[in-house]
Amino acid sequence: MQNTTGKLKAILENGNIPDHVAVIMDGNGRWARKQGLNRVNGHFEGVNSARDTIESCVDLGIRYLTLYVFSKENWNRPEFEVNMLMSLLVETIYKEIDSLMEKNVRVYPIGEIQDLPDSAKKSLNDVVERTSSNTGMTLMLAISYSGREEIVRAVNRILRTGKKTVTEDDIREQLYNYSAPDPELLIRTGGEMRISNFLLWQCAYTELYVTEKFWPDFRKDDFMDAIADFQKRERRFGKTSEQIKGENIV
Ligand code: IPE
Ligand code: IPE
Ligand code: MG
């Protein structure tokens, strides 16, 4: 059994490192309940997993990481939990800002940010501004995010220009972050086999990795396992395996 550093080394040696990894950080509530704690304790502990994941991506030279922080549908949770998540977001941003600077990470929020409480909007503005000239990894935080809404928003923005028909490129250009490539890998913790309205356009050909581990238990070693698993995949994009391997079989 390799340790985390060994796994990291092997991944780097393989060399097939994704440019963009997206993560559905799920299972905080179940993690807390399992230990007889309130759900919110799972969110507190989940921050450590987010920090580990950011560090792992930086170590591997991954250019883009998108974390699903809060979905549009999550507004329907009990008010106490929503308020707690919003204050945790603000607190975490200010706690982590120096370490994000040290890691040369640029923060870029995606989602309906205008729907957030003022304190959350301000903290996001602050971290975006502080990190805007960082040149390392781009950390996209999906907050009040809905994949369907992102597509509808894109189409409406195109219609406003007077266009009568739209192309894939038109839509792509109007997504929240046009400059980011599609994720090659989507990780979901907590075992659910669903996409929960996340990056619907961008994940058309993304490799999926689902682990039963709850998000607060998902640490560097687990992230390395996910990347190592990705490296074993054959991405065919509709072609045959023989074509991908360059074999001449008719
Ligand atoms: C994910 O964990 C965090 C958010 C959705 C904000 P959950 O809170 O959904 O945890 P489970 O799925 O209930 O265990
Ligand atoms: C998805 O998790 C959203 C985030 C991780 C932020 P949910 O827990 O909200 O997903 P569903 O509702 O179980 O699909
Ligand atoms: Mg959940």
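Bear in mind that the values in this text are calculations on the coordinates, not laboratory data. Being a predicted model, the structure only gives us computed values, none of them experimental. Quick reminder, even Gly has a Cβ in these numbers, built from the backbone with ideal geometry, and neighbours come from all protein chains shown.
Take the range 121-171 and flag every residue that is assigned to a loop (DSSP other than H, G, I, E, B) and either touching a helix residue (DSSP H, G or I) at 6+ places or on another chain (Cβ under 8 Å) or surrounded by 13 or more Cβ atoms within 10 Å (Cβ to Cβ) (or both).
Across the range 121-171, the qualifying residues are 134, 136, 137, 146, 163, 166.
Taking the criterion of being among the charged types (D, E, K, R), more than 17 Å from residue 231 (Cα to Cα) and over 20 Å from the mean Cα position of the chain (by Cα), would at least one residue in the range 10-28 satisfy it?
No, there is no match, as no residue in the range 10-28 is among the charged types (D, E, K, R), more than 17 Å from residue 231 (Cα to Cα) and over 20 Å from the mean Cα position of the chain (by Cα).
Could you identify the single residue in 128, 166, 152 that is touching a Pro at 6+ places or on another chain (Cβ under 9 Å) and either within 16 Å of ligand 2 (Cβ to nearest atom) or without any contact (Cβ under 8 Å) to a residue 60 or more places away in the chain (or both)?
128
Examine the range 63-80 for a residue that is within 18 Å of residue 138 (Cα to Cα) and part of a loop (DSSP other than H, G, I, E, B), and state whether such a residue exists.
yes
For the range 66-87, give me each residue that is more than 27 Å from residue 153 (Cα to Cα) and crowded, with 17+ Cβ neighbours inside 10 Å.
84
Please state which of the following conditions residue 61 fails to meet, knowing it meets all the rest: (1) touching a Pro at 6+ places or on another chain (Cβ under 6 Å); (2) of a type in the set (Gly, Ala, Ser); (3) closer than 17 Å to residue 224 by Cβ.
(1)
Count, please, the residues in the range 216-244 that happen to be farther than 25 Å from residue 191 by Cβ, not in a loop (DSSP other than H, G, I, E, B) and not polar (S, T, N, Q).
Going through the range 216-244, the residues farther than 25 Å from residue 191 by Cβ turn out to be 236-244.
Then keep just the ones that are not in a loop (DSSP other than H, G, I, E, B); that gives 241-244.
Keeping just the survivors that are not polar (S, T, N, Q) gives 242, 244.
Adding up the residues that qualify gives 2.
With respect to residue 192, determine if the residue is of a type in the set (Asp, Glu), surrounded by fewer than 20 Cβ atoms within 10 Å (Cβ to Cβ) and more than 16 Å from ligand 1 (Cβ to nearest atom). Break it down into steps so the answer makes sense when it comes.
Values: of a type in the set (Asp, Glu): yes; surrounded by fewer than 20 Cβ atoms within 10 Å (Cβ to Cβ): yes; more than 16 Å from ligand 1 (Cβ to nearest atom): no.
Considered against the rule, which asks whether it is of a type in the set (Asp, Glu), surrounded by fewer than 20 Cβ atoms within 10 Å (Cβ to Cβ) and more than 16 Å from ligand 1 (Cβ to nearest atom), residue 192 comes out as no.
Taking the range 162-189 as the region of interest, how many residues are closer than 27 Å to residue 16 by Cα, hydrophobic (A, V, I, L, M, F, W, C) and away from ligand 1 (no atom under 16 Å from the Cβ)?
Summing the residues that are closer than 27 Å to residue 16 by Cα, hydrophobic (A, V, I, L, M, F, W, C) and away from ligand 1 (no atom under 16 Å from the Cβ) in the range 162-189 gives 3.
Name the pairs whose Cβ atoms lie under 8 Å apart, with the first residue in the range 107-120 and buried (at least 20 other Cβ atoms within 10 Å of the Cβ), the second among the basic types (Lys, Arg), and 6 or more positions between them or separate chains?
Listed pairs, sorted by first residue: 111/72.
Within the range 8-46, which residues are of a type in the set (Gly, Ala, Ser) and either surrounded by 14 or more Cβ atoms within 10 Å (Cβ to Cβ) or within 9 Å of ligand 1 (Cβ to nearest atom) (or both)?
10, 22, 27, 29, 32, 42, 46
Check residue 35 against each of (1) more than 24 Å from residue 183 (Cβ to Cβ); (2) in contact with a helix residue (DSSP H, G or I) (Cβ under 6 Å, 6 or more places away or on another chain); (3) not acidic (Asp, Glu) and name the one condition it does not meet.
(2)
In the range 198-231, which residues are surrounded by 15 or more Cβ atoms within 10 Å (Cβ to Cβ) and among the acidic types (Asp, Glu)?
207, 217, 221, 222, 225
Run down 49, 56 and say which single residue is assigned to a helix (DSSP H, G or I), within 16 Å of ligand 1 (Cβ to nearest atom) and surrounded by 23 or more Cβ atoms within 10 Å (Cβ to Cβ).
49
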